[in-house]
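Only one structure is covered here, and it is reproduced in the block below.
Read-outs throughout are calculated quantities, based only on the coordinates presented, and are distinct from any laboratory measurement. Being a predicted model, the structure only gives us computed values, none of them experimental. Virtual Cβ from ideal backbone geometry, glycine too; neighbours counted across all protein chains shown.
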Amino acid sequence: MATLERFRLDEEEFHSRHEMVVSSFERGTLSLDEYLQRTVFYRNRPFTPDEFRDYMLSLSQPKPEVLAFARTLANSGKYFMGTINNESRELNLYRIKKFGLREIFRLFVSSCFVGLRKPESGIYRLAIEITQIDPHECCFIDDRALNLECAENLGMRTIQMQTLEQLRTELGEVGSEGVKEPGLGSLVSLCAAEASALRPSVHRTLPQKGLDRSTSTRKPASNPRCSAWRRPRDTYRALRVVSLSFPGPARCSVPLREPNLRRPQRA
């Protein structure tokens, strides 16, 4: 709401236009400029698109304690961390760079890149197929119950994040219950934002231990365009993912190092 109030936009009028284009916007078929043209600048305004865009981006603020926790998981080398999120290309790339998410996450399954959105089952299946990790070996974390349902139906362990301490506790319980190979997870609310002009939702993470290529086997992914290194079952411990969305507290995500995914050579 902060954006609408600052620029004195009619809330009902804006949201009626927003709902008509948000799916295309988050699937990457509509650019940010095109989105703003259809929702804000379809008439003359006393402010410029650059002013509106800059203010919108300024609302994405980090939650240092959550980012620090995610970075600790990534630096441990025990987890394959990835993200699944609904977000426009421009905002997604802005947050990835601004908050150093490439240092945390290794895989970004973002709606703007893959043309699928949460809670559609296809986006979760795609993440599983790309990583070639059994869903029963994954822990998916999100702050919205609806986004957890498909993950549960696919066999993932899920956690609905409410606070950081609650997340720590439940992740510990998941580990104590013998989930050795969690593949997908979601750490929610890495950054906070109130850009009611946009409603992107962010990524998720997958944890994974350091790759021992002497004992690992290479297994082709279900997707013929991708292949991934698999680690022995006894090397896995737990997995997580992050997800962010607008309006309200936003979520961010990033993947780990050790790029396990390689392009297959064409025949």
Exercise for review: Give, in nm to one decimal, the length gained when the segment between E120 and A68 is fully stretched (0.36 nm per residue of separation minus the Cα-Cα distance).
Suggested key: 15.7 nm
Exercise for review: Quick one: net charge around R8, please, counting Lys, Arg +1 and Asp, Glu -1 for every other residue with C-beta under 15 Å from its C-beta.
Suggested key: -3
Practice item. Output the Kirkwood hydrodynamic radius of the stretch 79-149, Cα pairs only, in Å rounded to one decimal. Key: 12.8 Å
Review point. How high is the relative contact order of the stretch 82-176, in percent, with contacts defined as C-alpha pairs under 8 Å that are six or more residues apart?
Key: 21 percent
Practice item. Go ahead and run the numbers for FRET between E12 and D50, Cβ-Cβ distance against an R0 of 30 Å, rounding to 0.05. Key: 0.70
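Given the peptides 164-175, 86-97, arrange them by the average over their residues of other C-beta atoms within 10 Å, most packed first.
86-97, 164-175
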Study note, to complete from the structure: Simple spin-label estimate for S76/E34, 7 Å along Cα→Cβ, in nm, reads 4.2 nm
**Study point:** Fully extended contour minus Cα-Cα distance, from E5 to S58, at 0.36 nm per residue
**Key:** 17.6 nm
Exercise for review: Mind giving me the FRET efficiency for M20 and R43? R0 is 22 Å, r the Cβ-Cβ distance, nearest 0.05 is fine.
Suggested key: 0.85
